[in-house]
Structure formats: structure tokens, C-alpha cells
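None of the figures in this text is laboratory data; all of them are computed from the coordinates on show. Only a predicted model underlies this, so the values are computations on that prediction, with no experimental measurement involved. Glycine also receives a Cβ, built like all others from the backbone with ideal geometry; neighbour counts cover every protein chain displayed.
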Amino acid sequence: MKRITIILTIFLLFITGCISLDKDVDTNLTKDAVFSDERYASGFLNSAYREIINGYNRIDNAMFACASDEAICSNSASSVHAFNNGAINQAYNPEADVWKNMYTGIRKTNMFLGELNNTIKTAGLIDKNSISIANYKRMKGEAYFLRAYYHFELAKRWGNIQLVDTVLTEESSLAVKQSTFTEAIRFIVKDCDTAMVYLQNPLLAKSQPITVDNYGRATTASAIALKSRALLYLASPWNNSVEDKKLWKDAADVAIAFINSVNGSSNLIALDPAVFSAAMPTISYISIPYDKEVLFATGYDNRNDIEINNLPISFSGKGYTNPTQELIDCFDPIKGKSIDPMNPYANRDRRFNLYFYFNGQKPLTTRTDTVFTYVGGKDGLGRSSTATKTGYYMRKFTNFSLNLSKGETSRRAWIHFRFAEILLNYCEAQNEYLGSSDDDIVSDATIYDQLNKLRTRGGVATYATGSLTKGKMRQAIHKERRVELAFEEHRFWDVRRWKEGTLYFNGTIHGMQISKNTDGKYSYAVIGVENRVYSPKMDWYPIPYTELLKNPKLKQNPLW
Amino acid sequence: MKKKYNKIRKYLLVILFAGFSVPYMVAQSNDKIELTTIHGTVVDKTGKAISNVSVSILDAFMQSFTNDQGNFTIQVPEKSVLYFSKQGFIAQKKEVNKQNLTFSVVLLPEREEFQYQTGYGTRKLSELTTAVSVISANDLSRSFVTSTETALAGKATGLTVLSNVGKEPGFESNSIYIRGIGTENGMRSPYILVDDVERGIGQMDVNEIESVSILKDGASNAQYGQRGANGTILITTKRGFIGKPEIEFISQLGIQKPTNLPAFLNSKEYVTLYDKALQNDGLSLPTDSKYNPTMYDGTQNPLLYPNINWYNEFLNKTAPQQQYKLMFRGGTDFIRYFMLFSYLDQSGLYKHTSENKGYNTNIDYNRFNIRTNLDASVTKSLLVSLDLAGSMENKNMPNSSAGDIYNTLSSLTPNAMPIQYSDSMLGGTSQYQKNPLGMIARTGNRQDRAITMQIKAKAVQQLDFITDGLTAEAALGYNGNTTYGLMRSRTYATYESQSDGTYTRYGENSDISLGMSSTNQGFTYLLNFYGGLKYNKIFGQHGVGGSLRYYQAQTFIRGDNPPYGKLGMNGGANYNFDKRYFLDFSFSYDGSDEFAAGHRFGFFPAVSGAWLISNEDFLKDNHTISFLKLRASYGEAGNCKTSGLDRYAYESHWSGFENSSGGYIFGTGFAWSNGAWEGRISNPDLTWETTHNYNVGVDISLLDKLTFNLDGFIHNRNNVILALVNSSPLILGATAPYANTGSVLNKGFEAGVTYKNNINDLNFFLQGNVSFARNKITKTDEVDGLPDNLKRTGYSVTQQRGMLATGYYKNQEDIDKSPYNALYKVRPGDIKYQDVNGDNIINSLDEVAIGSPSVPEWTFGLSAGVDYKGFDISFLVSAFAGRTVYLNNSAVWLLKDNGNATALAYGAWEAGVREDDATYPRLTTESNTNNYRSSSYWMKNGNFLRLSNLEVGYSFSGKWLKTTKIKELRIYANGQNLFTLDYLSDYNLDPEVVNAGITGYPNMKLFNIGLNVKF
């Protein structure tokens, strides 16, 4: 019996020694391990790109264009309607996630920049060889660009944001002071300037080629484009009520310097004439190589949700994005022609056919499929719950040739900056800078030159130098911006910064009701489709209510 | 004859129980008292000698034992009182005086008492000082239940069992709460142990179980350290006994039938209402004749104008189930055994399941359970046990989930499409690209398998040679759970006919793949060891006991490394005086690897006491009050679990991967770059939650027929683990850390009553229980300045919240003069809400607490039964109250997203037709974000009462039975969930699982017949 006891005791002691509560294998990386490992240190910067906004169907399956007068969303369930019916308030905003995501991105960039002079450096990753030195130089530039980009996305939405340039703790995050929009843009411009010093420069193609596998990374051109837009927004009426012309000058100078440098370089960046090549519609408007007109875009993704959500309903799409008559009317006839009210979609700007699906359109010359949006047509008004409500569907970005029932996808990147915008930025800033009265004739040929580049590409009539007053020129530029950059998330901000929200975003939005007559011809009637609400306080989003509660020092934006 | 004036024992006693025995020892310290020698014999009432009876003076410092002939000799001071005691007998006192030096004592046996599982040991009901409720095997095994969890429902005080989902065979899931909810943390379920080893009980066969103890108060849970705070369920399995082998066979056959299925309208009704809804939305009617109600008069082509009741087309009215069990039980002095084999088979409801060659796509679930519990008395003092148990489950199903299929059935409108145009062309539309026939018959099939295996080896050594009453025990437990799924998939196309005679196709037809691909591979196992010492002894009027145990456990989960580890010590000491006053201490010192070193181990003490008044002299002979006891306890216990996903929340988490989706896609090739990122912010100070529990209780038994018990409790949980999402500014840019930031106060009571009696051959019983637990958040992750209506502090953890509906908008003028509605562009007939915060805007800042919590505060169980000359009838009713349910499924939110309609639509608001007496807001085809949101309009009283079980049986007796070897033979029929009383009858929803049958499998009624044979 004693033996048994002894055995039991030994057994007990044996088992007791077996486990301890400390992990024997550490499966978790530490911060030091991440930043002293080549793969992860650079991977951390790669991951910092993940918060970049991708505009495809991003508001509850709707395009952000539906939050402006570019389109209405036929999906009544989408929260995008909140932008148009006055439902946005400090407690509710479909874009609330942007606040969180941008600061997540900012933390990543600050973390990377901090470690660049710390663990990454002491681990010897940077100074290994000339390639690594160049790579980390580039990454430093990317981090500054991303930090500027993330702050800009916040600043244009909320105006008086908090600028963060360190890795915060819970305590220190309560101590960050709120800046003004002007301070934010100054911070962003400074980061862009820093980024430019370190980034790869596609304008110097011979010495620093951008390799194909680095497409999607920020370059000096990206930083200049961001700076250009930031300065334009800074100079705009929503922030420049005293009409400080110096601000416009700054914006114009940055844009024209960039345009001139492009013209003088190896022509890697330029307006891409291939946009209008015959082959283009078969892929997609947006499938432009990164190094042509595109200055900064998201990564290349395989997807078909753009088509599923936006193709006309008879083409297996849901047809959510319905361009408005207001947008349609901005498209001029091609040079030398006029618009026939009985056949309104013929002889339009070359961009028209690429931006819209409209009644009677054969999107592909190689196929017989025709879009019919007349009442009773297979894509027509009321045909299904998400059929077009305006008589049009959005074509831009969609790849008509995909077979959705087979689950086919195609490659797509969301373009944030392209060269055409820089031209428009210049025209606008320079026009506002020059002249004192709206009735002054604009005689600066550079403005006409840049604007006409886009109109020529679109095939519409150009403006002769000296033919427009400052006021008329402003209208021409605004319209050209509206046409060229349609659906690319410009209109929403442009109208706000011009302080024209009550003009464009308030009241009835229109569509076209097309009826097929017994003789086979169509008749057209403009109809009101949606009543919208806008008030000046909406120029800026209200600061999220929950954030105000957490940090009592944070002040709500005016009028909210 | 043994004489033991043992100094060691004296010291032991002094150390252990100094606090209570001091007065008695003082008397003893006066030495040099003259001793008298006493002789005597102890016998039972048949005159048979009883050995090993303790004979002592009352304070037990002089003690002797009877020998095998029942004789004893003891030297005691004159004028003492002798105390005769032995486990299982009623103790007796005899006075010693000069005239009386020889005794002949008759000891009467104690009433057999239920042995309660309390932590790591058993106690008799009369000795219990803590709040424990018990469900015995008889209460469990009667009904046809597939899940042990369900079998517990309604049968014990303090226990709430509610289904989470419908009863899809093999996918039953329940929420189990002991005394409601005590924490805001997601881990609210009790700690469950089967024979002292942690494991789930869903796959057990109820016939494996001997008893279930529900440990409710802090004192009974303190021993479970960091996992005891939510209460503990201890399951004891059946074991063998010494005696003739007993063989039992059980056979049960039954049918299942849905409790509730939604009743959607036919095409004509639907289209009429849909057109009305379009008008309400200010939309023009579609020109398509599909939207013309007159086309559905039955004369039109049904392919173009379908009228389909999708539920009828794809669901059978009933589905069969069966269960067979065989048990062996018996043993000898040397070895004892219990064995069980059981088989269960349950089918699903789908139609059209045998379309495919070689495989069926109906849901079918079968399970084998085996258990062998062996106990061997290797030596007189060493008992070795080996328990082996396992289950094998097979689930066959179509390769579309039940959720998917029921969502489709409930959202398809009757005129959406025909089921098929031809055998090869299933119907579909751009909105409904899925077809139920395709989902059930043409997506292939899936087979999920699961094997559980439990092994437990245990040795108990009596250490009488050290001191009497001391035992050592050690046990090793293993619990393995392997899951493995096989899947064969194919796809189907659906077609939509166009007016020009062509078809638009959605999806692709593809044949079934030859090979099966594996899915759902999982492997989890737990290894557990415990060992320790126990001591139990009666010294005269003093009963003492104690235990000390070391344990450790590790859980390994495939794909989730490293293993979860816990270890600790626990133990206790108990003392009773004369079986009248009881005092227990228990503690645990327990550590979990969820926390950083230094915050890892916790000490959880408990103290409890009881006064068994009925053992006092003044009540001893009172036959009316046969039992009366008061109890009180205080104890602490912890909760270390947050959720399985956030391990090691005390340290920072960093991830790095090569070419992973955590990176980014650069370049024109579709390749992920390397990526690395920071996880949740760490909190190195994170530690367990602690509950401080107070409990008082009383147990009464009258005439041995009526028993009654009542417990009241206050549980105060501190350091509740919550993520600081509401207080960390988002500019932090990282996931907010966990912290011990909350507290929850939970108060309530439980009462149970049992009445058993017989009138001649008529036996009857009645059992009732009621439990109430109301929790309140006293501190949570909330910032100052949060308006009162949005505060969660002060409300229950599962308090329902939403807008306060005040009626309907009467007309446009009403809308214009009401506060601005920022939720939606409202129209007359939409739901009007109160502007709670008075800012003249209706938005989500106007939400308030509505109704009751989603988890009921009241739980009732009532069962009763009668048997007379072989016939028996019994029932169990369970009920839940203090519960609010939120209705938001497609059977209630009509026409939403072009969805379905039920007869509720006929009560809809309509201008000029039905305004004040409307029972439903105006019909709309749009996703009306004003109407369809959480509000008091959709919050309904979730109280319900259910006839859980009704059973009628007959046990055969008579001479012919005696000629066979059959000892017992009983046939019976029972029904479960036959009848429900609730507040949702307008909605035709199951009150327990409101989404059952709509977003998932329905809840079921059962009808069974059964046969029990004992040999």
C-alpha cells in the first residue's frame, strides 16, 4: 500500500512539473522583430497603403457620384441617399468610417517614419547596399505622401481636423489639438514637399524608371498632384472668403510648373489619346497604364462588382447609378454639329458614349445588344426595382464585355489623380488669380491652351484666346471639370468648395422619360426624379458625435 | 478493540477547527480526571452487529470504535455523554452514570439522501451550505431529446436554457445561463464539467447522465477560480453497482413538425398589395402585366404568371426521427460497470432530395454514443476507474446552408418566377438568381462528421494507515473533438424569360465534381489532470472534512496555437457540529495564461454556513416540519475568458506575412506584396473579472412530502473585461485595447417546490420552480457627457434599445410640423417617433431603452405527473417572462426590398381608409429606413409559455411478465412543444427563436412513441 502512495506521489510531482502558464513558443511577432526584418519592415509600409479609398461602389454599393448631382442611385436601400435627403448629422454619416480609416493609415505612416530612424536603421536594413538605400529613400517618401493623402481626405470632409504626426497613445490622443482647414492644408503641403524629395520621379524616366511591379506606389507626380489639389481647395471660396489672390497664385504656380515639366520631359505623363481608341471601350475607360495619364491610383484588382452594380438591368447588372439629365446636358455637340432634340444622343462629345449607357445605344460595335431605356424597354423606367430612374446608366468604369454569369472579372484600379485634373486645376486657379472683375476679358493664352487640350480630345469646339470674360471662363472651366472628371468623386467637393451647394444640390434632380411612339420614333420628356435637400452647413461634415463625447476639447463644425 | 487517544489527531483538529471547538477543548484541558471504563454492543434494528461505529464523548477527544462483533470498550470521565455515530446511521447519545456502565445500543439507518455534487466532492442535501440545484437522471431521460442542453430546460431553479436557432438536425444551439447574465463581456455561459473534466454536453446522450448539479452561488463556484463566475454545471455520469446485471433497452420513434412557418400571401393578393405600395411611394405602376392582379386568376400561363407557395413546394409537413439505446449496469465487489450504446437518426424537411443518382440531399443527422464506466477495487483501499465515452456524428445536407435556403424561401414572392420552365431550366430573376430547387437538389451535397472521445482514468487510495478518513485521488482526463467535412459541389443556372421569348441566364450549370473536397477540418483536445487529498471524519458530534487539490488543464485547438493553459490549487474545509451547525470554507488559487505574469493568479475565497434547525431537539420529533435549514454564503469567483479570438490581450500583437492579403497589390500582376501590421493595442495590466456573491437560502420539507426551497442572491461583478471602443478616440488609429473597466450587479431569487404523495395506488407529484435574475450595468465603457437616453449604465446587459414610436404621420402637414425626420423622407402613414433629446431632429440620438432585456429575467418550470396501476401521465410546462424580442425579419417587414407579404399587410395604414385603427405602417416597396429600424414598434413582448413535454405511458405487470426475464416493460407516447402561449400570434412566429423558419431552420414540435424494457 505504501508503494502505491509513493507511486501516486511521484506521479503527482511529475505532472505538476509539466505545464507552466508561460508560452513556450512565441508565435507572435514583436514590434522589434517586424522592423528589423527586411520583409516585414517594407511590408509594413505596403500595408499602410491599405486605407487608401477605393471609389468603386463604396457607399453601401452606390457610387459616391450619387451623392452629388451627377447621378441618382436606383437602389432605395443604399445609405447614399442620406447625402441628398438631409439625413446626415453628427450621429449619422455613411462616410463615418473614413474618419477611422484615415487615422488608422496615419498611425501606420507615423509608425513607419518613426522606426525608419530607429529599429529599421539600427537593424542595418537601410545601409546594406545602394539598392536598399534607394528603396528606403523611396519608402520614406511614400510614407510622407500617404500621411498627406490621409490628412487631406480628412480635411476636405471635416475641415477642422486633428493633425497627427506621432504614434499616439490613448492618453496623448486626447491631447491632440484641433487645427483649422488652412493649418491642415499647410501641413499636407509640407508633407508633399518632403515626399517629393524622396520619391521616385517618373518625370526623370531615364535615371529612375518606375518598374512595372511598383505601379500603384506614390511618385513625385502623385505628391505634386496632391499638393496641387490641396492648394486649389485652400484657395477656394469655402475657405477663402476674403478672396486672397495669393492662394490662387500658389495653386496655379504648382500646377503650371508641373505641366511645363511634363511637356519638357520624356512624355511619360500626358493626356492619353488611347482613351478614345477603338479598342478602349472593350476594356474600360479606366484601364489606363499607370504611367500614362494616371498620377496616382489604387492597386490593380480583379473584380466584377462594378459591372454587377452598374450595368443596365438587361445585361445582368443592377443598374444602380443613374446619371442625371443635369450631367447629360453638360456634354456639348462635337465640333461643327448641334444637338437634335428628336435624336439628342447623336453627335455628342466623344466622352458621352464612354460615360453613359443611353437609349438606343449599341455599346459594342461587335455585338448586337442594344440598351433600351424607354418606358417599357428592357432597361426602361420602372422595369424592375433598380431599373434606371433617369433614363441613363453609368458606363464609365464598366466593362461591357464581361460575362457576369460566368463570374468573369477584369482588372481595375481606382484613379485618384490624373493629368487632366492638373490642367483644370491650373485653369481655375489662374483664372481666379487674374483679373479683378468677372467682366474682364481673360487674355492669358495658357488658360485657353490647357482647357482646349481636353476639349480637343473630346472632339468639341475649342475656345479662342480672348473670347471669354473671367465669369464666362469660370463657367467654362467648371463645366469642363464636370464633364471630364464625371463620376470620379470630384463634383461632390467642387460644388462644396465653390459654395454652390444650394444651387446644385438642392431641389429637384431630373431624368429623361423616353416614350416609344407607334411609328417607332421616340419622344423625350424631362421629368423630376428626386427632391434633394442642401444647406450651407453641409459644406463640411459634422464632427462625429462619439468623438466629441470622448474628447470634450474637440469643437463641432459651425452650424451643426 | 482499537483505542485511539491520538495526540496527532488532537493537534490536527486544533489547527483546523480552533475557531469552533475552543469551548469544548477548554473543558478537556483540565487533566487528571478519573476515568470509568464502559463496555457495550451496537446492533442494527435486526440485531445484527455494526462494526466501526464511533463511540465518543461529545467533544470527540476520547473515542473508540466497535469491532466486528459490535463490541466496544471506552474509558471516559464520569458524567459524560456518549455519542454513537456512523455514516449512514442516525447518531445517538447516551448518558454515562455509575449505575449504567454497560450499553446495548440500537442504531437506526439514516434516510437515504441525495448526494449532491458540489465542486470536487459530494455532499448530502442536509449538509449543503451553498446554493445548488439538481436534476436527476429520472427527470432527464424521459423525453426524446437529441441535445442534453435542451433536456435541462425548465427542470432546475436558477437555470435558463433557450434555443438560439431552430432545430436543424445536428445544429442545435442553446444559450445557457445560470442566474441570468452577470457580465457585459461576451463570455456569459457557465462552466461545464462532466465528471470533473471540462467539456461541452451537446453531443452527450441523456441516458449517460446520473445527475446534473447547477452551482449557483459564489461559495459553490469559488473552487472553480477563474471560470466559476458564470456558475458551473457539473454532470455526473452513471456508474456500476454491486448487484445483478441490469439490462435496459429503449426504443423511440417520432416525427418532427415545425412549430411555426410564415404564411405568405398568394400572387393575386401579393400583386394587389405591391401595387398599392408603389402608389404609396409615389411611383408609377409597372406596365408589365406581371403586376396586374387579374392575371393571377388561374387561367393564365403559370410559367408567365406563377403563383407559388414556396414553403409547400419545398418542405415536407413532417420528418421522422428515431433513437435506440442499450445499457448494461452491474458489478461485483471487485469490478463494477456501466455501458451505454445509443443511436439517433433525424431527418430534415426538404422535398426534391432524391433527384441525384448516388446521393440524397436531404438533411440527415445520425449519432452513435458509447460509454463505458468501469470501477475496479484493486485492493481493499484502492479504487481505480476508467471511463471511456465517445460520439460519432454524421450530418448529410445539401451543399447550401439551411440559412441560405430559408432566406430564399422567405424572400421569394409567389409570382417571382416559376420553379422551372423545363427540367433543365430553373426559374430565376435578376433579383432572385437563386432557386430553391437548385439549392436543394443541384448544388451537390455535404457531409460533416464529428467524433468526440473522452477518456478519464482515476485512482482513489484510502489512506487509513496514515489516518482514518483520509483519501488521495488523482485523475487524468482527455477530451478530443475531431470534425471533418466532405463536400461535392455542382452549380446550376437559372433563367428569366424575356418578353421577346428569349431567356436571360444567371449562373452556370456544372456537373458534380468526381472527388470530394474537404472542409471544416477541426481538431480540439483538452488534457486535464487533478490530484489531491480528501479527509472526512466524524468525531462524536463533530463532523470534519477537508480537501486540497491541484489541477491543470490545457486545451489544444487546431490552427489556434499555442494551447490554452490553466492551473491552480483549490480546496476547502468543512465542519459541522452535531449535524446542526455547518460551516464550510473553500478557496482556489487559480491561474490562466490569458494574463501577464503578475496578473495571472487569483485567490478566490468563500465561506458558507447552514443551520439545520430540524435537527435541533425542539424540532427533532416534529413530524410536520421534517426538515428545515437556513443557509448563507459569500464567495468570489472569476471569469478569465473574453473570447477565443483575443488571446494574450496583455501583449501587443504584430503580424507579418510574405505575399499575403495583408499586404497590397502593386504592379499589374495580381500578386500581394509582403505586409506587416500592428494588432490590437495591448493592456499589460489586464486581469480576470471577479464576482462577489452573496446568497441566503432556506430549505423546508413538510411531512416528508412537500419540500420547498428559496434562495436570494446578490452577485456583484467587477473588473468586467471590455474593449475601450467608446472611450478611445479614433485618432488613435489602432484597435482599442481591452481593460477591466465594467461592473454588473445581478440580483434575484429562486424558489422551488416539490410535492409527492400517494393515495393508495395513485401516486402523484408536482414540481415547480421559478427563477428571477435582474442584472444592471453599474459601470461600463461610457464617456461622461453621454446623454441619459443613450446611456447603458443602469440598464440590463441585454436591454433592447431603439426609437420610441408614437403613432403614424397623419398627413404631409403633420410631417411638416413635426420635428425634422433625418432618418428618411417620410410620407403619411410612416411611423412617427418621439424627439427624445428635444433637438427637433429625429435621428439615432433619440434612441432609448425599450421594454425588457432580450434574455428573460423570469424562468418558470412546472411539471406534474400521476401514475395509477401501471398507467402514468406527466407534463412539463416551461415559461419565460421579462423578455422583449425585436422583430425584423421578412415575415414582419413586408415588401421590403421587393420582399414578401403576409396578412399583416391588410392592417396597413391607408389614407382615408385605415388611419387611426391601422395595425401596420403604410406599405412601401422601398427600404424605408424610418419604418424598418429598431424601434418600440417592432419590440414585442417576448414572454411565452410552452408545453415542453406531455407524456402518457403504461408499465406492464401481471403474471405473464413474471414468466419472462423482463423486469420492467413500459410503453409510452409523448409530445414536445405541442402548445405555446405567447404574444406573437399575430406574426405567426416562434416566440423562442423569432427568426426560425425565416432566416434559418424552423423550431420543431415532436411526437414520439417509445418502449423501455429492463431485464
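Things to note:
- B:N659 paired with B:Y954, simple spin-label distance in nm, labels 7 Å along Cα-to-beta-carbon: 7.5
- When Rg and Dmax are taken over the Cα atoms of segment B:501-645, they come to 27.9, 99 Å.
- Counting DSSP beta bridges with both ends in segment B:137-276, the antiparallel % (nearest 5): 75
- Rounded to the nearest 10 degrees, the inclination of helix A:470-484 to the longest alpha-carbon principal axis of chain A is 60 degrees.
- Relative contact order [Cα under 8 Å, 6+ residues apart], chain A, whole percent: 17
- Those aspartates and glutamates that a straight Cα-Cα span of less than 14 Å connects to B:K124, excepting residues fewer than 8 apart in one chain: B:E110, B:E112, B:E113, B:D584, B:D699
- Average partner coverage of B:929-937, which counts Cβ from other chains inside 10 Å: 1
- Kirkwood-type radius of segment B:507-554, with distances r between different C-alpha atoms, in Å: 17.0
- Binning the alpha carbon pair distances of segment B:823-891 at 5 angstrom intervals from zero yields the distribution 3, 11, 12, 12, 14, 10, 9, 7, 6, 5, 4, 3, 3, 2, 0, expressed in whole percent.
- Judged by the ratio a/c of the largest to the smallest principal axis of the C-alpha gyration tensor, segment B:143-243 counts as oblate, that ratio being 1.5 or greater while a/b is no larger than b/c.
- In a simple Cβ point-charge model (Lys, Arg +1; Asp, Glu -1; nothing else charged), segment B:491-616 has a dipole of about 940 debye relative to its Cα centre.
- Under 5 Å, built H, 5+ apart or other chain: amide partners of B:T36: B:V76, B:E78
- Chain lengthening between B:Q279 and B:F670 when straightened (0.36 nm per residue, less Cα-Cα): 135.9 nm
- Partners for B:K959 among lysines (Cα-Cα distance below 17 Å; same-chain residues under 8 apart left out): B:K869, B:K967, B:K1014
- For a modelled paramagnetic label at B:E34, 7 Å from Cα along Cα-to-Cβ, the residues of segment B:62-78 in reach, with backbone nitrogen under 13 Å, are B:77-78.
- A viscosity of 1.567 mPa s and a temperature of 4 °C, combined with the Kirkwood radius over Cα pairs in Stokes-Einstein, give a translational diffusion coefficient for segment A:62-186 of 76 µm²/s.
- Under 20 Å of direct C-alpha separation, and excluding same-chain neighbours fewer than eight residues apart, B:K965 reaches these aspartates and glutamates: B:E246, B:E248.
- For the segment A:77-88, counting C-beta atoms of other chains within 10 Å of every residue's C-beta and taking the mean gives 4.
- For chain B, the residue among B:V913, B:N570, B:N898 whose Cα projects farthest onto the positive side of the dipole built from Cβ charges is B:N570.
- Cα pair distances of segment B:286-444 binned at 5 Å [whole percent]: 2, 7, 13, 13, 12, 9, 8, 6, 6, 5, 5, 4, 3, 3, 2, 1, 1, 0, 0
- The radius of gyration of the Cα set in chain B, together with its Dmax, comes out at 33.6, 121 angstrom.
- Against the rule of thumb 2.2 N^0.38 Å, how large the Cα Rg of segment B:938-1013 comes out: 1.69
- Dividing the Cα radius of gyration of segment B:406-539 by 2.2 N^0.38 Å, with N the residue count, gives 2.11.
- Exceeding the 21 Å Cα-Cα cut-off - candidates A:K479/A:K499; B:K93/B:K380; B:K238/B:K629; B:K395/B:K434; A:K108/A:K190; B:K45/B:K534: B:K93/B:K380; B:K238/B:K629; B:K395/B:K434; B:K45/B:K534
- A Förster radius of 30 Å, combined with the Cβ-Cβ distance separating A:T366 from A:N302, puts the computed FRET efficiency at roughly 0.80.
- Sequence ranges B:958-965, A:372-379, B:836-843, B:578-585, ranked by mean other-Cβ count within 10 angstrom, highest first: A:372-379, B:578-585, B:836-843, B:958-965
- For segment B:245-348, the fraction of alpha-carbon pairs in successive 5 Å shells from zero, as %: 2, 9, 12, 10, 9, 8, 7, 6, 6, 5, 5, 5, 4, 4, 3, 2, 1, 0
- For chain A, the Rg and Dmax computed from alpha carbons only, in angstrom: 27.2, 115
- For segment B:353-393, the convex hull drawn through the C-alpha positions has a volume of 48 cubic angstrom per residue.
- If R0 is 22 Å, the Cβ-Cβ spacing of A:S437 and A:S467 corresponds to a FRET efficiency of close to 0.80.
- Peptides A:356-367, B:94-105 ordered by average Cβ neighbours within 10 Å, highest first: A:356-367, B:94-105
- For the residue pairs B:K216/B:K458; A:K177/A:K246; A:K406/B:K268; B:K268/B:K817; A:K472/B:K825; A:K156/A:K362, the C-alpha atoms sit more than 30 angstrom apart in A:K406/B:K268; B:K268/B:K817; A:K472/B:K825; A:K156/A:K362.
- Counting only the Cα atoms, segment A:367-450 fills a convex hull of 216 Å³ per residue.
- Helical content of chain B, expressed as a calculated mean residue ellipticity at 222 nm, amounts to -2000 deg cm²/dmol (DSSP H runs of 4 or more residues, -39,500 (n - 2.57) each, divided by residue number, nearest 500).
- Take each residue in A:380-389, count the other chain C-beta atoms within 10 Å of its C-beta, and the mean is 4.
- Coarse-grained scattering of segment B:748-837 at q = 0.18, 0.20, 0.21 Å⁻¹, given as base-10 log I(q)/I(0) from a Debye sum over alpha-carbon atoms: -0.92, -0.99, -1.02
- As a calculated quantity, the FRET efficiency between B:L630 and B:L486 at R0 = 51 Å, using C-beta atoms, amounts to about 0.30.
- In a simple Cβ point-charge model (Lys, Arg +1; Asp, Glu -1; nothing else charged), the protein assembly as shown has a dipole of about 2820 debye relative to its Cα centre.
- Alpha-carbon centroids, segment A:89-156 and segment B:288-306: separation in whole Å: 61
- Debye intensity ratio I(q)/I(0), log10, segment B:572-690, q values 0.11, 0.15 Å⁻¹ (C-alpha model): -0.64, -0.83
- Stretchable slack from B:N789 to B:S189, in nm (0.36 nm times residue separation minus alpha-carbon distance): 213.1 nm
- Zone residues, segment B:865-903, relative to A:N531, backbone N less than 18 Å from point 7 Å out along Cα-to-Cβ: none
- Hull shadow area, averaged, the protein assembly as shown [alpha-carbon convex hull, nm²]: 67.6
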